[in-house]
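One structure is given below, encoded as structure tokens.
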Amino acid sequence: FGISFTWGLAMFTGAVTLAATILPRSPGDVVFKIANVLILRTIGSPGLAAGQYQGFFANHPYTHLSHVNGVNWVMHYPYAQSLGITVGNYFTGRADLNANANMWITDGLAAFGLPGILWISLFAVFIFWLADSAAQKHSVVFGAVVLVYAAVNLSNVSLFTTLISGGMLPLLIMLAFMPKVDQERSSPVSRSAATGNPC
């Protein structure tokens, strides 16, 4: 599966990139939008951000998680603007470019350097264990649908932002305390079997 997925993704990326390059662009061009969202934003930007953050924090102070609201109440944040704006401005000279990045870069690399990637990974394992525990009484499909948007957030923003602003923590609490939905109750066949009446 891994090899097939990798080759499939490579061929898809090549085909969409080629089509977006050859076809004329217009504001409603679907192919260009697909290339922008799936290739640039999903594959290209995280890799670019990793290199930029690594280069920036090679000679700038780490945040030690002071970029997280709440932590910055007790720990000094060393920059005048948000982390994404600071790094974006450093590499492009644009004060309005927010170079936001995923949890390994923002909460790991920017906070503690390369060892921070391991630290935030361990914390993410704990959060994923909580998510698995909260969703265990529900079907896999239901749990996946509830948490999919929070999972997408993790590819672009801090884990702490995903938990609080992105709504993952309230979703975990709701999943944990929500009663299990009896799937058989909604089936006409199961209702007729329970009452002894044919459909």
**Asked** What number of residues within region 153-164 satisfy the criterion of being open to solvent by 70 Å² or more (accessible area, probe 1.4 Å) and either among the basic types (Lys, Arg) or in a helix (DSSP H, G or I) (or both)?
**Response** 0
**Prompt:** If you take the residues in region 138-147 that are among the aliphatic types (A, V, I, L, M) and more than 11 Å from the chain's Cα centre (by Cα), which one is least open to solvent (accessible area, probe 1.4 Å)?
**Reply:** VAL146
**Asked** If you check ALA134, ALA124, ALA150, which single one turns out to be under 30 Å from LYS180 (Cβ atoms), at pLDDT below 90 and crowded, with 17+ Cβ neighbours inside 10 Å?
**Response** ALA150
**Prompt:** Mind checking which pairs have a first residue in region 169-185 that is modelled with pLDDT of 90 or more and a second that is hydroxyl-bearing (Ser, Thr, Tyr) and open to solvent by 60 Å² or more (accessible area, probe 1.4 Å), Cβ under 9 Å, 6 or more apart or different chains?
**Reply:** LEU171/TYR149
**Prompt:** Taking region 1-29, which residues are surrounded by 10 or more Cβ atoms within 10 Å (Cβ to Cβ) and within 23 Å of SER155 (Cα to Cα)?
**Reply:** THR6, TRP7, GLY8, LEU9, ALA10, MET11, PHE12, THR13, GLY14, VAL16, THR17
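Residue-by-condition table, conditions (1) assigned to a helix (DSSP H, G or I); (2) surrounded by 15 or more Cβ atoms within 10 Å (Cβ to Cβ); (3) in contact with a strand residue (DSSP E or B) (Cβ under 8 Å, 6 or more places away or on another chain):
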position	(1), (2), (3)
ALA35	yes, yes, no
LEU65	no, yes, no
ASN72	yes, no, no
HIS76	no, no, no
**Prompt:** What do you reckon, is GLY108 out of contact with any Lys or Arg (no Cβ under 9 Å at 6 or more places or on another chain), under 19 Å from ASN156 (Cβ atoms), free of Cβ contacts under 8 Å to residues at least 24 places away in the same chain and assigned to a helix (DSSP H, G or I)?
**Reply:** yes
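The values are calculated or read from the model by the stated rules, or taken from the named source; none is laboratory data. From a predicted model like this one, the values you see are computed outputs, not experimental measurements. All Cβ positions, glycine included, derive from the backbone under ideal geometry; neighbour counts span all protein chains shown. Just so you know, the surface numbers come from the protein's heavy atoms only, side chains and all, with ligands and any DNA or RNA stripped out. Shrake-Rupley method; radii C 1.70, N 1.55, O 1.52, S 1.80 Å.
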